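So the structure is just underneath, and the comments pick up after that.
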Amino acid sequence: MKIILHKNKIKKFLENKKNLGFVPTMGGIHKGHISLIRESIKKSEYTVVSIFVNKQQFNEENDFKTYPRDLKQDIEKLKNLDIDVLYLPNHNDIYPNGYNKKIKINIFSKKLCGKNRPKHFEAVADVIERFIEILNPKNIFFGKKDMQQLLIVEDFIRKKYPFIKVVACNTIREKNGVALSSRNFLLTKNDINTASKIVKLIKKNKVKLIQDKKFKNNLKKELYKFGVNKIDYIEPLDVNKIIKPFRKKRNFKIFFAYYLRRIRLIDNI
Ligand code: AMP
């Protein structure tokens, strides 16, 4: 695994290399990231993984500051995976002339996380577009754990870079049901127990949540009893009916976002 810090170097290294798989991450590497990387290695001749904590997409200074960063450990976890390049750009490498304030993305970006995190998905699309321009990948890998992000980025790429394929990868969970996430490194044992109870409760009540709109409020009360600090949303949505072209088959997921102390967690089941 070659580690490259600058875009000119990586562009040079990738010259004439076709069939590139790209896995963008913000580090805090866990088995969720690793499953995306394995998928890329399977499907691509070359795999590039990036670690870049994209300040622009954070709405709270504190969330950005406390975001789990442990580059040494990340490299340890990645080095034996058959990755071709680990790209570690700095802010100027990605944004030499500042952010793109005019980026256009699907209006689904205003819903769910977009309500509590204005401009978050615009920032995600901005950074992904910059990586695309540098790396020119054939496949990009995203996790279904961040389903809203996946759908928005997929739509953005389909319209602007139709020759690139977005590969959606399944959510990897702990045995206790909690989806792996870099932010889990910030959780206490007690938080993890709470998160596990929440996933199990939502899973158990999935059908009820889809059929009875009012039931959501009962469930929210239960979550507060578990010790949740704040709930941003619990929302049943048909994944196949959110962004056109719609697919025929129904595929409901319960999207949810909540805080344990100051740590915001999202998932969908
Ligand atoms: P992040 O570093 O959190 O920006 O995540 C990088 C990529 O890994 C995104 O496409 C995420 O959706 C994906 N990802 C994060 N957690 C998981 C998980 N538990 N299972 C599968 N993919 C995940």
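The values are calculated or read from the model by the stated rules, or taken from the named source; none is laboratory data. The structure presented is a predicted model; accordingly, all values stated were derived computationally and were not measured. Counting neighbours? That spans all protein chains shown, and the Cβs are built from the backbone with ideal geometry, glycine included. Areas reflect the complete protein model, heavy atoms only, side chains present, ligands, DNA and RNA absent. Shrake-Rupley method; radii C 1.70, N 1.55, O 1.52, S 1.80 Å.
Among the listed residues ASN106, ASN16, ASN92, which satisfies the condition of being away from the ligand (no atom under 16 Å from the Cβ) and at pLDDT below 95? Step through it out loud before you land on a result.
Numbers: ASN106 fails: at pLDDT below 95; ASN92 fails: at pLDDT below 95.
Being away from the ligand (no atom under 16 Å from the Cβ) and at pLDDT below 95 holds for just one of ASN106, ASN16, ASN92, which is ASN16.
Away from the ligand (no atom under 16 Å from the Cβ), among the hydrophobic types (A, V, I, L, M, F, W, C) and either surrounded by fewer than 17 Cβ atoms within 10 Å (Cβ to Cβ) or outside any loop (DSSP other than H, G, I, E, B) (or both): does that describe ILE37?
Details: away from the ligand (no atom under 16 Å from the Cβ): no; among the hydrophobic types (A, V, I, L, M, F, W, C): yes; either surrounded by fewer than 17 Cβ atoms within 10 Å (Cβ to Cβ) or outside any loop (DSSP other than H, G, I, E, B) (or both): yes.
Against the criterion (away from the ligand (no atom under 16 Å from the Cβ), among the hydrophobic types (A, V, I, L, M, F, W, C) and either surrounded by fewer than 17 Cβ atoms within 10 Å (Cβ to Cβ) or outside any loop (DSSP other than H, G, I, E, B) (or both)), ILE37 does not qualify.
Hey, which of the helices (runs of 4 or more DSSP H) in the stretch 182-269, taking only ones fully inside, have at least 1 residues that are at pLDDT 95 or above and touching an Asp or Glu at 6+ places or on another chain (Cβ under 7 Å)? Step through it out loud before you land on a result.
On the way: elements: 189-204, 206-211, 215-226.
Qualifying helices (runs of 4 or more DSSP H): 189-204.
Somewhere in the stretch 118-127, is a residue open to solvent by 50 Å² or more (accessible area, probe 1.4 Å), over 15 Å from LEU36 (Cα atoms) and under 20 Å from the mean Cα position of the chain (by Cα)?
Going through the stretch 118-127, the residues open to solvent by 50 Å² or more (accessible area, probe 1.4 Å) turn out to be 118-119.
Narrowing the set further to residues that are over 15 Å from LEU36 (Cα atoms) leaves 118-119.
Add one more test, that the residue is under 20 Å from the mean Cα position of the chain (by Cα), and what stays is 118-119.
Checking the stretch 118-127: at least one residue is open to solvent by 50 Å² or more (accessible area, probe 1.4 Å), over 15 Å from LEU36 (Cα atoms) and under 20 Å from the mean Cα position of the chain (by Cα).
Which number in (1) more than 22 Å from ASN139 (Cβ to Cβ); (2) in contact with a Phe, Trp or Tyr (Cβ under 7 Å, 6 or more places away or on another chain); (3) open to solvent by less than 40 Å² (accessible area, probe 1.4 Å) marks the one condition that TYR95 misses?
Every listed condition holds for TYR95 apart from (2).
Quick grid of which residues meet (1) charged (D, E, K, R); (2) in the same structural domain as ASN136 (by TED's automatic domain parsing); (3) open to solvent by less than 30 Å² (accessible area, probe 1.4 Å):
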{"position": "LYS17", "(1), (2), (3)": "yes, yes, no"}
{"position": "LEU20", "(1), (2), (3)": "no, yes, yes"}
{"position": "GLY27", "(1), (2), (3)": "no, yes, yes"}
{"position": "ASN54", "(1), (2), (3)": "no, yes, yes"}
{"position": "PHE58", "(1), (2), (3)": "no, yes, yes"}
{"position": "THR66", "(1), (2), (3)": "no, yes, no"}
{"position": "GLN73", "(1), (2), (3)": "no, yes, no"}
{"position": "GLU76", "(1), (2), (3)": "yes, yes, no"}
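Which numbered condition in (1) open to solvent by less than 50 Å² (accessible area, probe 1.4 Å); (2) more than 23 Å from SER44 (Cβ to Cβ) is the only one that LYS208 fails?
Tallying (1) open to solvent by less than 50 Å² (accessible area, probe 1.4 Å); (2) more than 23 Å from SER44 (Cβ to Cβ), LYS208 fails exactly one: (1).
When you look at MET1, is it open to solvent by 20 Å² or more (accessible area, probe 1.4 Å) and within 12 Å of the ligand (Cβ to nearest atom), yes or no? Explain how you work it out, then say what you get.
Details: open to solvent by 20 Å² or more (accessible area, probe 1.4 Å): yes; within 12 Å of the ligand (Cβ to nearest atom): no.
Criteria not met by MET1.
State which residue is most open to solvent (accessible area, probe 1.4 Å) when the search covers only the stretch 148-177 and only residues that are among the β-branched types (Val, Ile, Thr) and in contact with a strand residue (DSSP E or B) (Cβ under 8 Å, 6 or more places away or on another chain). Don't jump to the end; show me each part of the working.
The initial filter retains those residues of the stretch 148-177 that are among the β-branched types (Val, Ile, Thr), namely 152-153, 157, 164, 166-167, 171-172.
Checking the rest, the ones that are also in contact with a strand residue (DSSP E or B) (Cβ under 8 Å, 6 or more places away or on another chain) come to 153, 157, 164, 166-167, 171-172.
Values: VAL153: 5, ILE157: 1, ILE164: 12, VAL166: 21, VAL167: 12, THR171: 41, ILE172: 57 Å².
Checking each candidate, the answer is ILE172.
So which residues in the stretch 151-181 are away from the ligand (no atom under 14 Å from the Cβ) and either outside any helix (DSSP H, G or I) or of a type in the set (Asp, Glu) (or both)?
Within the stretch 151-181, ASP155, TYR161, PRO162, PHE163, ILE164, LYS165 meet the criteria.
Suppose we filter LEU112, LEU187, LEU201 for residues that are more than 10 Å from the ligand (Cβ to nearest atom) and either open to solvent by less than 10 Å² (accessible area, probe 1.4 Å) or outside the structural domain of GLY227 (by TED's automatic domain parsing) (or both); which single one remains?
Values: LEU187 fails: either open to solvent by less than 10 Å² (accessible area, probe 1.4 Å) or outside the structural domain of GLY227 (by TED's automatic domain parsing) (or both); LEU201 fails: either open to solvent by less than 10 Å² (accessible area, probe 1.4 Å) or outside the structural domain of GLY227 (by TED's automatic domain parsing) (or both).
Checking each option against the conditions leaves just LEU112.
Regarding the stretch 228-243, can at least one residue be identified that is out of contact with any Phe, Trp or Tyr (no Cβ under 7 Å at 6 or more places or on another chain), under 20 Å from GLU174 (Cα atoms), not charged (D, E, K, R) and not assigned by TED's automatic domain parsing to the domain that holds VAL153? Spell out how you get there, then give the answer.
Initially, the stretch 228-243 is screened for residues out of contact with any Phe, Trp or Tyr (no Cβ under 7 Å at 6 or more places or on another chain), giving 239, 241.
Filter again for under 20 Å from GLU174 (Cα atoms), leaving none.
Looking through the stretch 228-243, none of the residues is out of contact with any Phe, Trp or Tyr (no Cβ under 7 Å at 6 or more places or on another chain), under 20 Å from GLU174 (Cα atoms), not charged (D, E, K, R) and not assigned by TED's automatic domain parsing to the domain that holds VAL153.
From MET26, MET1, grab the single residue that is in contact (Cβ under 8 Å) with a residue 60 or more places away in the chain and within 21 Å of THR171 (Cβ to Cβ). I'd like the intermediate steps shown before the answer.
Numbers: MET1 fails: within 21 Å of THR171 (Cβ to Cβ).
From the options MET26, MET1, the qualifying one is MET26.
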